[in-house]
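Below is one structure, written out as structure tokens, with a few remarks after it.
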Amino acid sequence: MSAEAVTAAQVRSFVAGRRRRMHLGFTVLALVLVASVFVALTSGPISISPQRLWALTTSAFDGQSSPALARDFLVLFNIRLPRIIMALLLGAALGVSGALMQGLFRNPLADPGIVGISSGAALAAALMIVLGHHISGVSPALMQSVVMPLAAFLGGLIATLFLYGIATREGHTSVATMLLAGIALAALAMACIGLLIFMSDDRQLRDITFWTLGSLGGASWQKVAVAAPIVALLLGATPFLARGMNALSMGEAAAYHLGVPVQIIKTVCIILVALAVGVSVAAAGTISFVGIVVPHLLRLAVGADHRTLLPMSAMGGAALLVIADAIARTIVAPADLPIGILTALIGGPFFLWLLLRRNRNIDL
């Protein structure tokens with residue numbers, strides 16, 4: 001057999017193996033996602049058995065229910081279900097935004113929470129909490145549904161542009177500069193949030209604490225209706241970005257010579273990441289490390305092809321956040337543990353492991 005035939009056979013074998021891993025990855029993630037939603041539906045301070053869940057579903061259609069079923073129906077459809085859907089939306093948004101950040105900066109250490117983008121969005125939300133009452137003609141409902149998400153988006157966008165401008169020189173993005181600038185930006189944002197805490201009253205202090213710790217306890221159908229179109233826009237744009245992100249992994253110059261509109265891809269990625277972080281902070285506060293844990297594990301499992309990495313990051317992020325929220329609702333029941341604490345407990349050790357795995361002596 002000639003060398004060319006051997007090489008062709010090796011290429012076909014590699015492609016077939018990669019396809020098998022991709023199909024297996026999608027299947028496993030789909031099963032994990034379905035299982036996590038089922039567990040989240042049945043667990044909580046008020047446990048709902050699978051049989052009870054089926055009875056609630058059928059009673060919703062036939063209109064017949066007992067007082068006990070009516071209570072469980074209220075818990076399931078007015079409290080638990082919007083919270084699960086919000087976790088799905090925000091987990092998918094954070095997973096995809098982490099994959100986009102890592103592709104944009106060409107480094108798996110990039111994450112919106114680590115580099116200070118979430119802190120910028122949280123600072124903007126805290127400003128609205130403390131100073132929003134000075135804005136005349138804005139009702140509390142409008143403040144919660146429109147003004148605060150918009151402020152969080154603008155805060156995340158400004159932080160993203162600031163970091164990208166500092167870290168990029170002559171077309172080259174320095175990850176070390178980005179990480180250091182992100183640490184400085186996060187510290188500055190937290191200092192400003194501390195100042196706002198000092199200025200706030202008791203109600204504002206509780207709201208700011210909610211944003212900084214992160215929690216899905218305030219999820220409602222109204223917030224789901226606001227977050228869903230933004231997340232849908234983010235997920236709908238990912239198939240059109242996959243080819244450009246694959247080209248950017250070889251460097252901006254190589255991507256440009258391949259005919260990829262580099263500047264447009266970078267601009268769209270920055271806006272989408274700011275949107276994802278903004279809606280996440282506005283709806284649930286600061287939730288960190290989802291964007292670094294999920295895409296990196298998937299990259300190790302199925303490779304760095306963004307055509308599969310981006311949708312898998314959405315599925316993995318959604319499953320992780322649903323599972324984390326189910327744990328947060330049950331581990332200290334009837335209290336509600338802030339979900340940001342859980343994701344930090346998972347992501348912090350993972351980030352340290354990632355640093356040690358890449359290089360014990362990282363050159364800054």
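Note on the range 180-220: among residues that are within 17 Å of Val281 (Cα to Cα) and among the aromatic types (Phe, Trp, Tyr), the one that is surrounded by the most Cβ atoms within 10 Å (Cβ to Cβ) is Trp211. Pairs linking a residue in the range 329-340 that is among the small types (Gly, Ala, Ser) to a residue that is surrounded by fewer than 19 Cβ atoms within 10 Å (Cβ to Cβ), with Cβ atoms under 6 Å and 6 or more positions apart or on different chains, are Ala333/Pro45; Gly340/Leu213. Selection over the range 295-316 of residues that are modelled with pLDDT under 90 and farther than 15 Å from Leu241 by Cβ gives a count of 8. Checking each residue in the range 302-323 for being part of a helix (DSSP H, G or I) and either of a type in the set (S, T, N, Q) or touching a Lys or Arg at 6+ places or on another chain (Cβ under 7 Å) (or both) picks out Val302, Thr308, Leu309, Ser313.
Counting residues in the range 184-203 that are at pLDDT below 80 and over 28 Å from Arg329 (Cα atoms) gives zero.
When the range 74-104 is filtered for residues that are at pLDDT below 85 and surrounded by 23 or more Cβ atoms within 10 Å (Cβ to Cβ), nothing remains.
Residue-by-condition table, conditions (1) under 30 Å from Ser47 (Cα atoms); (2) out of contact with any helix residue (DSSP H, G or I) (no Cβ under 6 Å at 6 or more places or on another chain):
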{"site": "Ser249", "(1), (2)": "no, yes"}
{"site": "Cys269", "(1), (2)": "no, no"}
{"site": "Pro311", "(1), (2)": "no, yes"}
{"site": "Ala333", "(1), (2)": "yes, yes"}
{"site": "Gly340", "(1), (2)": "yes, no"}
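Considering the range 277-330 alone, what residues qualify as being among the charged types (D, E, K, R) and under 24 Å from Ile129 (Cβ atoms)? Answer for the range 277-330, where residues must be among the charged types (D, E, K, R) and under 24 Å from Ile129 (Cβ atoms): just Asp325. Could you please let me know if Phe26 is among the hydrophobic types (A, V, I, L, M, F, W, C), surrounded by fewer than 16 Cβ atoms within 10 Å (Cβ to Cβ) and modelled with pLDDT of 70 or more? Yes, satisfied. Restricting the range 324-341 to residues that are surrounded by fewer than 21 Cβ atoms within 10 Å (Cβ to Cβ) and in a helix (DSSP H, G or I) leaves a set whose member that is modelled with the highest pLDDT is Ile327.
Restricted to the range 30-48, and to residues there that are part of a helix (DSSP H, G or I) and touching a residue at least 40 places away in the same chain (Cβ under 8 Å), the residue that is nearest to Leu74 (Cα to Cα) is Leu41.
Each row is one residue, and each column tells you yes or no for (1) at pLDDT 85 or above; (2) surrounded by fewer than 24 Cβ atoms within 10 Å (Cβ to Cβ); (3) of a type in the set (A, V, I, L, M, F, W, C).
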{"residue": "Ala253", "(1), (2), (3)": "no, yes, yes"}
{"residue": "Gln263", "(1), (2), (3)": "no, yes, no"}
{"residue": "Leu275", "(1), (2), (3)": "no, yes, yes"}
{"residue": "Val281", "(1), (2), (3)": "no, no, yes"}
{"residue": "Phe289", "(1), (2), (3)": "no, no, yes"}
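Taking the range 164-210 only, how many residues are in contact (Cβ under 8 Å) with a residue 60 or more places away in the chain and hydroxyl-bearing (Ser, Thr, Tyr)? The number of residues fulfilling the criteria is 3.
The values are calculated or read from the model by the stated rules, or taken from the named source; none is laboratory data. Worth saying up front: this structure is predicted, and the values here are computed from it rather than measured. No Cβ is skipped: glycine too gets one built from the backbone with ideal geometry, and neighbour counts run over all protein chains shown.
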